[in-house]
Amino acid sequence: MKVLNFAIALMLIAFSNYSCAQQAQEKTEKAANTEQTTPQQTQSETPAGQVVDIDVNQFRQMMSQPDVVVLDVRTPQEVAQGKITDDALNIDVTNKPLFEQEIEKLDKDKTYLVYCRSGHRSGIASQEMVRRGFKKVYNLKGGILAWQQANQ
């Protein structure tokens, strides 16, 4: 009886390990597929209500599409040092009451390309926008630092 219980326990452990390995492989494949999407694929396939991190090339390509708003969430002092585009709307995410007030004035059906200095604050701002009902929000990975490095 002990041998039978031991054999059953070993089979359960082996099955569990196989299942976990398969799930990990599926997650890795899904992540790899996500990174290889083009801006057009990303915009059309993005589930509403999720922030999508995009790279500099995707950001650049999406900027020229209709109904796209580039949103700079840095402080006024940082903005004074330069912007990705003169058309960028600036709403400082570090001033939370003002940020919340100003984003409520925006059209939630437009596409928003959000950036900050390094991508961290824009990630927070993007999540808040999605939480408030924005449907298409894209965060620039690496922020303006990545933009500047790519455009040297």
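Identify, please: which residue in the range 98-139 is assigned to a helix (DSSP H, G or I), touching a residue at least 24 places away in the same chain (Cβ under 8 Å) and charged (D, E, K, R) and is, among those, surrounded by the most Cβ atoms within 10 Å (Cβ to Cβ)? Walk me through it before giving the result.
If we filter the range 98-139 for residues that are assigned to a helix (DSSP H, G or I), which is where we start, we get 98-103, 120-131.
The next check asks that each one be touching a residue at least 24 places away in the same chain (Cβ under 8 Å); those that pass are 99-100, 103, 121-130.
The next check asks that each one be charged (D, E, K, R); those that pass are 100, 121, 128.
Numbers: Glu100: 13, Arg121: 21, Glu128: 18.
If we take residues in the range 98-139 being assigned to a helix (DSSP H, G or I), touching a residue at least 24 places away in the same chain (Cβ under 8 Å) and charged (D, E, K, R), then Arg121 is surrounded by the most Cβ atoms within 10 Å (Cβ to Cβ).
Scan the range 52-63 and give yes if some residue there is within 13 Å of Tyr112 (Cβ to Cβ), out of contact with any Cys (no Cβ under 7 Å at 6 or more places or on another chain) and modelled with pLDDT under 95, otherwise no.
The answer is no; no qualifying residue exists.
Results for (1) modelled with pLDDT under 95; (2) over 22 Å from Gly133 (Cβ atoms); (3) of a type in the set (D, E, K, R), shown as yes or no for each residue.
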{"residue": "Gln43", "(1), (2), (3)": "yes, no, no"}
{"residue": "Val73", "(1), (2), (3)": "no, no, no"}
{"residue": "Gln77", "(1), (2), (3)": "no, yes, no"}
{"residue": "Ile84", "(1), (2), (3)": "no, yes, no"}
{"residue": "Asn95", "(1), (2), (3)": "no, no, no"}
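Of the conditions (1) over 15 Å from the mean Cα position of the chain (by Cα); (2) touching a residue at least 24 places away in the same chain (Cβ under 8 Å), Asn90 satisfies every one except a single condition; which number is it?
Only one criterion is unmet by Asn90, namely (2).
Can you find, within the range 59-97, the residue that is surrounded by the fewest Cβ atoms within 10 Å (Cβ to Cβ) among those that are in contact with a strand residue (DSSP E or B) (Cβ under 8 Å, 6 or more places away or on another chain) and assigned to a helix (DSSP H, G or I)?
Restricting attention to the range 59-97, the residues satisfying the condition of being in contact with a strand residue (DSSP E or B) (Cβ under 8 Å, 6 or more places away or on another chain) are 59, 62-63, 65, 67-74, 76, 79, 83-85, 87-91.
Still in the running and assigned to a helix (DSSP H, G or I): 59, 62-63, 76, 79.
Details: Phe59: 23, Met62: 19, Met63: 16, Pro76: 9, Val79: 15.
It comes out as Pro76.
The values are calculated or read from the model by the stated rules, or taken from the named source; none is laboratory data. Since the structure is predicted, the reported quantities are computational estimates derived from the model, not experimental observations. Neighbour counts run over all protein chains shown; Cβ positions are idealised from the backbone, glycine included.
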